[in-house]
Amino acid sequence: PQLPSQTLRRVQLPSSSTCSKPQSQIRHASLLKRPHRPYQFTQLVTLSDGSTYTQRTTSPQPIFRSTKDTRNHPLWQPSMTSLRNVEEDEAGRLRAFRLRFGRGWDAEAVSEE
């Protein structure tokens, strides 16, 4: 009694090439790709108080000037009086919100005259 897998035959289609050798795929270890490591640049970072340091980054920009960092942010410097009650509206979003919905949402409604 033969097993069913031994009774099946592999069918080969006639190839159009003149080569009669069966071709098989060969996979060598040299075909494995190395992980992609992006090029890194040296960047000079200038903080808001003027101090600088260098770092390696993928950004090609040679100098980065920071406007908000740990030296002038109320999250890291909550006791600085110069940072309290400061409303920075760089993108104009607060002004657009107040024009659309009024100043009733403000913590202290300021009457504009």
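Derivation of every value follows stated rules applied to the coordinates shown; laboratory data play no part. For clarity, every value in this text was computed on a predicted model and none was experimentally measured.
The relative contact order of region 39-79 comes to 39 percent, based on Cα pairs under 8 Å that sit 6 or more residues apart. Normalised by 2.2 N^0.38 Å, where N counts its residues, the alpha-carbon radius of gyration of region 39-79 equals 1.33.
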